1. Considering (1) more than 14 Å from residue 33 (Cα to Cα); (2) within 16 Å of the chain's Cα centre (by Cα), say which one residue 78 fails and leave the rest.
2. Which of the numbered conditions does residue 118 fail, given that it passes all the others? Conditions: (1) at pLDDT 95 or above; (2) in contact with a strand residue (DSSP E or B) (Cβ under 6 Å, 6 or more places away or on another chain).
3. Which of (1) closer than 21 Å to residue 85 by Cα; (2) modelled with pLDDT of 90 or more is the odd one out, the single condition residue 155 does not satisfy?
4. Across the range 118-141, what is the total count of residues that are closer than 22 Å to residue 35 by Cβ and buried (at least 16 other Cβ atoms within 10 Å of the Cβ)?
5. Anything in the range 112-135 that is in a strand (DSSP E or B) and more than 17 Å from residue 30 (Cβ to Cβ)? List them, or say none.
6. Looking at the range 58-82, which of its residues are part of a strand (DSSP E or B), surrounded by 22 or more Cβ atoms within 10 Å (Cβ to Cβ) and touching a helix residue (DSSP H, G or I) at 6+ places or on another chain (Cβ under 9 Å)?
7. Can you find, within the range 35-57, the residue that is surrounded by the most Cβ atoms within 10 Å (Cβ to Cβ) among those that are modelled with pLDDT of 95 or more and over 20 Å from residue 111 (Cβ atoms)?
8. Of all residues in the range 142-152, how many are part of a helix (DSSP H, G or I) and either modelled with pLDDT under 90 or surrounded by fewer than 15 Cβ atoms within 10 Å (Cβ to Cβ) (or both)?
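The values are calculated or read from the model by the stated rules, or taken from the named source; none is laboratory data. Because the structure is predicted, anything quoted here is derived from the model rather than measured. Cβ sites come from the backbone with ideal geometry, for glycine too, and all protein chains shown count toward neighbours.
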């Protein structure tokens, strides 16, 4: 599986997510927002495992607003790109030469022990959306459309 597919499957939805990985070729040229929309959320930091135990993800802080995510031998840079009151993350594959992005929505359980990630399908974003402002506007208009997202992946903390 190549790193672009890993981003879409994990995404992070942080990467995480702060990286969701792939079912489609989630390769976007630009992040959702050109800079982070909020600081690192401490509860996202740590070691995560998929519910079936097959996939492991480590989420660490790079600075006040950027996460580094280690997933299946690949490194990703992720940051919050909240749009329309939706918790999006822009996830960049830093192992690949093209350094493309995945867009991920994430939801953390109230107790902070479960993380749900869903990637934005690469086919959901019109090809003309080549800058962050246009992407953010499109996502704002379509954030409640379930057809925008791929399959949900769930992780538990510390397993």
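1. (1)
2. (1) is the only condition that residue 118 fails.
3. (1) is the only condition that residue 155 fails.
4. First pass over the range 118-141, keeping only residues closer than 22 Å to residue 35 by Cβ: 119-120, 125, 129-141.
Restricting the remaining residues to those that are buried (at least 16 other Cβ atoms within 10 Å of the Cβ) gives 119-120, 125, 129, 132, 135-136, 138-139.
The qualifying residues number 9.
5. Of all residues in the range 112-135, those in a strand (DSSP E or B) come to 114-120.
Once the filter is applied, which keeps residues that are in a strand (DSSP E or B) and more than 17 Å from residue 30 (Cβ to Cβ), the range 112-135 yields 114, 115, 116, 117, 118.
6. Hits for the range 58-82 are 59, 67, 71, 76.
7. By that ranking, first place goes to 36.
8. First, pick out the residues of the range 142-152 that are part of a helix (DSSP H, G or I): 142, 146-148.
From what's left, either modelled with pLDDT under 90 or surrounded by fewer than 15 Cβ atoms within 10 Å (Cβ to Cβ) (or both): 146-147.
Counting residues in the range 142-152 that are part of a helix (DSSP H, G or I) and either modelled with pLDDT under 90 or surrounded by fewer than 15 Cβ atoms within 10 Å (Cβ to Cβ) (or both) gives 2.
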